[in-house]
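Let me begin by presenting the structure, written as structure tokens, before commenting on it.
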Ligand code: IVH
């Protein structure tokens, strides 16, 4: 849409507009400039102005238009903001019907699809366009004389609901597009309104803050957003529109000229050139079903990393002539098919609930369901979190439950389908005693979970040990849950100190072990004995004490047992420590058995003294990067990325992860890519080579 040289000119021009107010004649230039920045931000996803600068430009246009109202145009960026509330959505007829798609689920289905096209068209060879099936709400846009004149939702496919004001508020939809350059007078585009997953999370966080009901998923938020009575509300949802089809094109004489464009892929390229948001690397054109299928599988595997929700891919015969020959059913085109990804939702039966005891005694109810396939894995166990979760969803034993798994996210129960109840379902009775040791459970008022208060609870002790050896805690390589359970059953482990006093000769003789693995384990345990004390503090499973607070404490003590002399005030005096954590840690160090445990560990050789790694990083007043932010990009030749970051920290810098106006220094290694480009475009970032960086910290 904009060549690189043109982009630079626009960027330079914005700086001018920002410093000198535009004259009357420059209003249209200013609009074009704002359109460019909207495109960079909403379509290309790579802004070159800060939000503030953009706002300033926008405000200067608003001001000029206020002074010269006669010069306001329909396609001015200021006209995205609706002035009146539209109270109803008029019915409008789509220029061509908005059809649905047939479905396919595997390669065989795709092979059949190709066969049917060969049969329908008589053509043996053809190419296919493959693109994401966006999971949002469909939308149809009409442009006339290069201006957006109508936006509509799908409705029943023949008639939709007009929502032009809402469409105008969506910034990835250009208000003006140079279709005339391609000889087009009137055109209809089809697309999908979607919300980026991270934007969706932000919208929901905002709603939670305002105590509004949360949206279940980005699709609901997007489709709902299209139908807001106040277009300014639509604008707040952060909706993006991807265009996936050019469905109608007419020249100034009313002749249908769609077929002049010959191919779907040509149309997508044209729409991209005109500034629309279209699929890019996600879009492929292939001549064999093998390649088509590979493209689909690749995107199914990486769907979670894609910033938008997609529920499949769409395969379209690329050539318009062949499309015409293949034709349509009442319901869908015969020249296109959806390749559906494996379901992320399924139903199953809740068979029973088990109660797990955590390392600090908290009780987690776990639903055992009839195993069900969900997005490629079999699910049989799902956390129910706490009693309140069960009650608020009124989940009962024997219920049919709706289960969802969104990618890497752990599966969860969306709801019980109470319409399917037979009446035999049994309400869940949350236990009052610990399932492991039978102690009466307690529930502090401000907490969601019931807890077992017994320090000698067997389940708790085992969980404490499993955590103790884990990566997050003492990181004892190779020592996992199964070893802990096995050694516990053999009575070799009774508390975490025993981990450091194992008989490796006996271990070597265990079935499945042998000298070699016993020695390996011994070495890993030996290594862990030298860990810094912040790791040790975290590994003790003290209620509320996590990794970060452990570091804060480790910075302030010479020996772990110094904490035995601390009062609650000593803790709360620390900026990052609150009263609950203070109470729990000080309580832990008041108990004799805990002191004895630590002494025993120390006897076994576990380090209890502050190490170099525990000590706070001292940044000198004149440290070269004091108070500055830094980012490393590309492949570094003289140090690893991690070493570079550590050096930067020691030199007073804060490592950040993205290029923005907040970034002070970008250090570029070999083959630096988009980050470097973005930093150059910003013009406010100091760009350093690896050598420059090293010289500065010398
Ligand atoms: S093509 C005549 N392409 O899926 C062509 N549809 O089940 C019909 N959708 O309502 C649609 N992404 O809103 C097409 N890349 C894509 C799509 C897509 C999402 C939606 C569309 C339609 C539904 C069809």
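Going out from 0 in 10 Å bins, what whole percent of all Cα-Cα distances in the range 297-431 drops into each bin?
11, 30, 24, 18, 10, 5, 1
From the convex hull of the Cα coordinates of the range 213-271, what is the mean projected area in square nanometres?
Seen from a random direction, the Cα hull of the range 213-271 projects 6.3 nm² on average.
In units of 2.2 N^0.38 Å, what is the alpha-carbon radius of gyration of the range 283-323?
1.30
In square nanometres, what is the average projected area of the Cα convex hull of the chain?
For the Cα atoms of the chain, the hull's average projected area reads 40.5 nm².
For n ≥ 4 DSSP H runs only, could you compute -39500 (n - 2.57) per run for the chain, divide by its residues and tell me the 222 nm figure to the nearest 500?
-10000 deg cm²/dmol
Measure out, as a whole number of angstrom, how far apart the alpha-carbon centroids of the range 622-696 and the range 408-432 sit.
51 Å
May I ask you to order 7-15, 591-599, 539-547 by the average number of other C-beta atoms within 10 Å around their residues, highest value first?
Highest mean packing first, the order is 539-547, 7-15, 591-599.
Which whole-number value in Å³ per residue fits the convex hull of the alpha carbons of the range 175-291?
Given the Cα convex hull of the range 175-291, per-residue volume reads 142 Å³.
Given the peptides 390-396, 648-654, arrange them by the average over their residues of other C-beta atoms within 10 Å, most packed first.
For the peptides 390-396, 648-654, the packing ranking is 648-654, 390-396.
Rg and Dmax of the range 121-209, using alpha carbons, in Å: what are they?
Computed over the Cα atoms of the range 121-209, radius of gyration and Dmax are 17.0, 60 Å.
So in the chain, what percent of DSSP beta bridges are antiparallel if you round to the nearest 5?
Around 85 percent of the beta bridges assigned by DSSP in the chain are antiparallel ones.
For the range 373-502, count the residues as N, evaluate 2.2 N^0.38 Å, and divide the Cα radius of gyration by that value, please.
Working it through for the range 373-502, the quotient is 1.34.
What order do you get for 618-627, 601-610 when each peptide is scored by the mean count of other beta carbon atoms within 10 Å, highest first?
601-610, 618-627
Can you give the alpha-carbon Rg of the range 1-134 over 2.2 N^0.38 Å, where N counts its residues?
Compared with the compact-globule rule of thumb, the range 1-134 sits at 1.65.
Averaged across orientations, what area in nm² does the convex hull of the alpha carbons in the range 220-343 project?
10.5 nm²
Bear in mind these aren't lab numbers, they're just calculated from the coordinates by the rules spelled out. In this text the structure is predicted, and so the values were computed from the model without any measurement. As a convention, Cβ positions derive from the backbone with ideal geometry for all residues, glycine included, and neighbour counts pool all protein chains shown.
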